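Heads up: the structure comes next, in structure tokens.
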Amino acid sequence: MTETRLRSIGWWLLVPALVAAGTVLALESARLARPRSPWFAQPRTFTLADAIAQHDVARAYALLREGGRSADDPIVVSHPELTSGRGRFVSPLWWAVAMRDEHSVLMLLGEGATIQRVNGRDADCLAERVGDTAMLAVLRRADAVLAAPCLSPQTEFGVTEIADYRLGADVFVRFDRASRLIVAATRADPRFEREPLFTKDILLSGDVLPMAIALEARLRNEPAFAKAFFAADLTPHEYTKFVLALVAARLAHGFVKSGVIRSVPSGVHADNVMFVDANLAAVEAVLKEMGLE
Amino acid sequence: MRRCRWLFVAALTVAPIVGAIAFTLWRTPLPVSEAIALLEDVARKPRLEFLIPDTAYYRPFFHILLSTIWNADASIDTRVAAIRLLQIVPVLALTALFLIHVRPRTLLDAAAAAAATAVLLGSPGLRDNLEIPLTYTTVGMPLALAAWHLLVSPPRPWHTAAVVALTVVAVGFKEQGLAIAALVVAAWTTKAPSATRTQAVIVAALALAYVGLRLVWHQRLATFEQAIGLGFREIGTDEATARFGSFPYLVYAYTMLATIGNILFSEPTAGVFSIVRSIGDGTAEPWQYIHLASSVALTALIAWWGARSLLQARRTGWTDEARTAVALVLVLAACGALSFNYSRDRLGGMAVPFYALAAFYTFRAAARWLVEVPRRRFEVAAAGLLLLASLWHVRAVGTVEAVRVTSARNQMEWLTTRRQRTREFADRPVYLSILGSLQAQGTAESAPLPTNYPRPVRGVFSPANVQTR
């Protein structure tokens, strides 16, 4: 009787030990066999944007390092509110703030990410706009916040928004009006002598997207232009797209007509060149007014 | 071989958990906090300079060992691996020594040994010490158990020298090693086979000399070296000094009792009654109930076993069990006294092997007592014993998770503090160079991470918020 009871208690006490040992053994074996299982890891991401969105800081760091890219290189992201569900180019830091991921923000700052007063690169302004005071405090502690004030809210450019843009007669009328008012405003201001708003070099050199972002920011943040846009019923965003498409189309039109090239080059839509051809006099007039013809 | 059968059963039963802890530690990144500063110290200072007791954190043998590893002519990977082994080997040695000391000879012994090993691995005093490279107390724990094993073993001529050497090494790693002096006194008082008066005098003299040396060299001790816990909140050193600096002794007494309380009841933690507060707030998680309930129940049972053993010792003379009860009381007191300045879970580490040893005897004694009771009571009490053992096994599994959490925390620290560290330590090129050389191991994607347990189990092994990512 005594011996039987002792043996029963012995087994009773050994059972939880065996269960615990079996649990750990099963877990660790499964971890070795299927390390990407949801039990042991987050879903695998392949882009920096996704890694930040998943709050997978280690993966984001690895992707940054593997690609040998700068922490400021823009990434394409999409957010239902902040980008209206469309693909946008933003800085990884901006996206980390949008995702409210303090750890990713600190990681990116450690990797040399910076803030610039350009929409999509102004992570501190985004934090301010969405009322994320904790994130602002994190950026301030890291001395990442710029002294310059935030730009007014600006709509980001979509990945193919400029390339897909078509010149239209109705917008051209408003563009013409806005351009003449803007030119009048710039003539009265010596700042624009030092840094002209439009030159062919500015409009056609470099990457179109950063240039578009910078131009729109300039148009939007200059109080003197606000009246022009109001009067012409045009937004700085629409104006920027129109002027870029128009200058490129006008140039292509000139090359085709002079026989330098046989057909419209890639990157400029044939419809836009046809638009210039159909409205050549008016186009030349407005571009001349702007100092671009 | 047959004589060791139950020892092997117990060892095989605990092996997966100990193995998982060791395997996780093996892949855990070295942290930025403390680790880099320690490595900077050993990179800059000559090895023997660490013997000068001019700091409140005097751990000469640890620093000398770390210096030997870090300044060795080996690759970074090899040196990091050696630093990890510095933490892993003591844990394996402690578990092996524990099983060898209790030496299970029956099925009941093996089951009690497995449950007691879960107590050893699931105690906050051990768990809080599993932090690479801070191996001070983790080295001291197996040394203390080894010393006790020698003290209660049949006498050999070399035992005294070995016990003294173990004491010196343990103290050289951290002042908590002085707890071995309490064990020597316990062994001498209880007439343990290998304990002698000479041995007790030598160890006591060594302990007094050590304390004297520290006080003489470091005359101006801070009233509060680190933040203290009091009741339900933590108090910073400045506030503590302002409030209690003129008469800190009551707070010291509270802090000592807090460390002892943590070993016995898992509360308070660092002097703060965080589990009680969570229960009061209605925010307690399952692991908190498990820790509190299992500790309170086991300590109550240990008290019953201890009283029984001591009463029996009065009648029939000292037994190993009675000696263990005395050793537990004295080593608890030593751990409490050595943490007078501030309380942390890790400061109770030296008492954990003896709490676990007492748990082994308690489980066995309770089982033997049960066989005599009527059937109905037997069933209820055996179920209670089964539940208690189960809760401790859950805690042991929780230690594996805790080590994983530490690993994830270390990795996150590497990923997020680079900017702050490089600016803060801009004028310390050695620090920055070590930071750079260890960056890859700290940010590796392969670092162990906590398990994403399904919702019903979440919060059972460790805090739920560290299991959801």
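No lab work stands behind these numbers, since they all come straight from the coordinates. In this text the structure is predicted, and so the values were computed from the model without any measurement. Glycine also receives a Cβ, built like all others from the backbone with ideal geometry; neighbour counts cover every protein chain displayed.
Observations on the structure shown:
- Put simply, the amide H of A:Gly87, placed in the peptide plane, has neighbours under 5 Å in A:Val159, leaving out anything fewer than 5 places away on its chain.
- 3J(HN,Hα) along the range B:451-456, derived from phi through the Karplus expression 6.51 cos²θ - 1.76 cosθ + 1.60 where θ = phi - 60°, amounts to 6, 8, 5, x, 3, x Hz, with x in place of Gly and Pro.
- Anisotropy class of the range B:237-379 from Cα gyration tensor, a/c 1.5 cut: oblate
- Sites matching trypsin sites (Lys or Arg not before Pro) across the range A:208-287 that sit in DSSP coil, with at most 11 neighbouring C-beta atoms within 10 Å: A:Arg262
- Residue order, fewest to most surrounding Cβ atoms within 10 angstrom, among B:Phe244, B:Phe461: B:Phe244, B:Phe461
- Beta bridge orientation in the protein assembly as shown: antiparallel %, DSSP, nearest 5: 100 percent
- Computed from the Cβ-Cβ distance with R0 of 56 Å, the FRET efficiency linking A:Ala281 to A:Arg65 stands at 0.50.
- Just checking the listed ones, A:Arg121, A:Arg34, A:Arg88: in the Gaussian network model of chain A with Cα springs under 10 Å, the one fluctuating most is A:Arg34.
- Projected label distance in nm at A:Leu32 and B:Tyr249, using a 7 Å step from Cα toward the beta-carbon: 5.8 nm
- Of the chymotrypsin sites (Phe, Trp or Tyr not before Pro) found in the range A:1-110, the ones in coil according to DSSP and having at most 14 other Cβ atoms within 10 Å of their Cβ are A:Trp39, A:Phe46.
- Phi-derived couplings, Karplus 6.51 cos²θ - 1.76 cosθ + 1.60 at θ = phi - 60°, listed residue by residue for the range B:122-130: x, 7, x, x, 7, 4, 6, 8, 7 Hz, with x used for Gly and Pro.
- Close Lys pairs in the protein assembly as shown (alpha-carbon distance under 20 Å; sequence gap of 8 or more, or different chains): 7.
- Structure-based [θ]222 nm, the protein assembly as shown - -39500 (n - 2.57) summed over DSSP H runs of at least 4, per residue, nearest 500: -21000 deg cm²/dmol
- Under the combined filter of DSSP loop state and at most 13 neighbouring Cβ atoms within 10 Å, the range B:202-247 retains these trypsin sites (Lys or Arg not before Pro): B:Arg220.
- Separation of the B:Leu208 and B:Thr422 label points, Cα + 7 Å toward Cβ, nm: 5.6 nm
- Other residues with beta-carbon under 14 Å from the beta-carbon of B:Gly231 carry, at +1 per Lys or Arg and -1 per Asp or Glu, a net charge of 0.
- Karplus-based coupling profile of the range A:281-293, in residue order and whole Hz: 4, 5, 5, 4, 5, 5, 5, 5, 4, 7, x, 10, 9, with θ = phi - 60° in 6.51 cos²θ - 1.76 cosθ + 1.60 and x standing for Gly or Pro.
- When A:Met274, B:Met350 are sorted by how many other C-beta atoms sit within 10 angstrom of their C-beta, beginning with the fewest, the order is A:Met274, B:Met350.
- 10 Å Cβ neighbours from other chains, averaged over peptide A:96-108: 2
- Computed over chain B, relative contact order equals 23 percent, with contacts defined as Cα pairs under 8 Å that lie 6+ residues apart.
- A:Asp271-A:Glu81 pseudo-label distance in nm [points 7 Å out on the Cα-to-Cβ vector]: 3.4 nm
- Counting Cβ atoms of other protein chains within 10 Å of each residue's Cβ and taking the mean over peptide B:365-371 gives 4.
- Close amide H contacts of B:Leu230 (hydrogens built in the peptide plane, cut-off under 5 Å, sequence separation of 5 or more or a different chain): B:Ile235.
- As a proxy for reagent exposure, A:Lys288, B:Lys174 were ordered by neighbouring Cβ count within 10 angstrom, fewest first; the result is A:Lys288, B:Lys174.
- Residue by residue along B:357-364, Cβ atoms of other protein chains within 10 Å of the local Cβ number 1 on average.
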